[in-house]
1. Quick one: ILE148 ticks every box in (1) crowded, with 18+ Cβ neighbours inside 10 Å; (2) at pLDDT below 95 except a single one, so which number is it?
2. I'm checking my understanding of the structure. Among residues of the stretch 69-95 that are of a type in the set (Val, Ile, Thr) and touching a Cys at 6+ places or on another chain (Cβ under 9 Å), which one is farthest from the ligand (Cβ to nearest atom)?
3. When you check GLY44 against the structure, is it out of contact with any Phe, Trp or Tyr (no Cβ under 6 Å at 6 or more places or on another chain), without any contact (Cβ under 8 Å) to a residue 40 or more places away in the chain and among the small types (Gly, Ala, Ser), yes or no?
4. Only one of ASN96, ASN159 is assigned to a loop (DSSP other than H, G, I, E, B) and either of a type in the set (Ser, Thr, Tyr) or modelled with pLDDT under 95 (or both). Can you tell me which?
5. Looking only at residues in the stretch 101-138 that are among the aliphatic types (A, V, I, L, M), surrounded by 13 or more Cβ atoms within 10 Å (Cβ to Cβ) and within 16 Å of the ligand (Cβ to nearest atom), which one is farthest from the chain's Cα centre (by Cα)?
6. Output the number of residues of the stretch 45-68 satisfying the condition of being part of a strand (DSSP E or B) and within 14 Å of the ligand (Cβ to nearest atom).
7. Looking at (1) more than 9 Å from the ligand (Cβ to nearest atom); (2) buried (at least 18 other Cβ atoms within 10 Å of the Cβ); (3) among the hydroxyl-bearing types (Ser, Thr, Tyr), which is the only condition THR42 fails?
8. Determine whether ASP98 is more than 12 Å from the ligand (Cβ to nearest atom) and over 13 Å from the mean Cα position of the chain (by Cα).
Amino acid sequence: MSENRVEINPYDYMNHFMKRAALLVSMGKDGKLNVMALLWKTIGELWMIPVITVAVSPSRYTFELLTKGVKEFTVNIPSDRNEHAIDTCGTLSGRNTDKFKEAGLEVIEGKRTSVPTIKDSDLAYECQIVHEADSGSMASHHLFFGKILTAYASKEIIN
Ligand SMILES: Cc1cc2nc3c(=O)[nH]c(=O)nc-3n(C[C@H](O)[C@H](O)[C@H](O)COP(=O)(O)O)c2cc1C
């Protein structure tokens, strides 16, 4: 998809962003990558910057990477071609599985982050963690606020 996507304003295609569960990519300090399915996410403006917020349970390996690893993540909205990966990435753990291999996902090197995006995504966002918070009484999930450094849309969803 590298040549089949264009950079977009992060606020474009927000309806499409909300339509599907996402694939959240994180990275350890050693460069080890992981990907998990993510339903709880928001996109919008905070503190005068474009922000994606992701809610991740402390039980996830992803949580370990986001807190102890590289302070970046990417959010990828799958296309029909790789939507099947949601099941794999939402049931297996990166602690003991290479989910990219398991789900047949390929990555595209990040332009503004060291964490890559996922090939064949309808939308992809490179984010830098700028803030964290607990969910309080709402859930045990931890909130990670990522400043959107760049965003992409597949030419297939651009009309
Ligand atoms: C459709 C779907 C959506 C999910 N959304 C979330 C979510 O928003 N937050 C979360 O912490 N876990 C969510 N999960 C569960 C994680 O994806 C799952 O526990 C995963 O195996 C964690 O992988 P990890 O241990 O490699 O991080 C979701 C699972 C599915 C199937």
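The values are calculated or read from the model by the stated rules, or taken from the named source; none is laboratory data. Quantities reported herein were computed from a predicted structural model and do not represent experimental measurements. Glycine also receives a Cβ, built like all others from the backbone with ideal geometry; neighbour counts cover every protein chain displayed.
1. (2)
2. So, considering only residues that are of a type in the set (Val, Ile, Thr) and touching a Cys at 6+ places or on another chain (Cβ under 9 Å), the one farthest from the ligand (Cβ to nearest atom) is THR74.
3. yes
4. ASN159
5. Step by step, filter the stretch 101-138, then rank; the result is ALA103.
6. 5
7. Every listed condition holds for THR42 apart from (2).
8. For ASP98, the condition - more than 12 Å from the ligand (Cβ to nearest atom) and over 13 Å from the mean Cα position of the chain (by Cα) - is not met.
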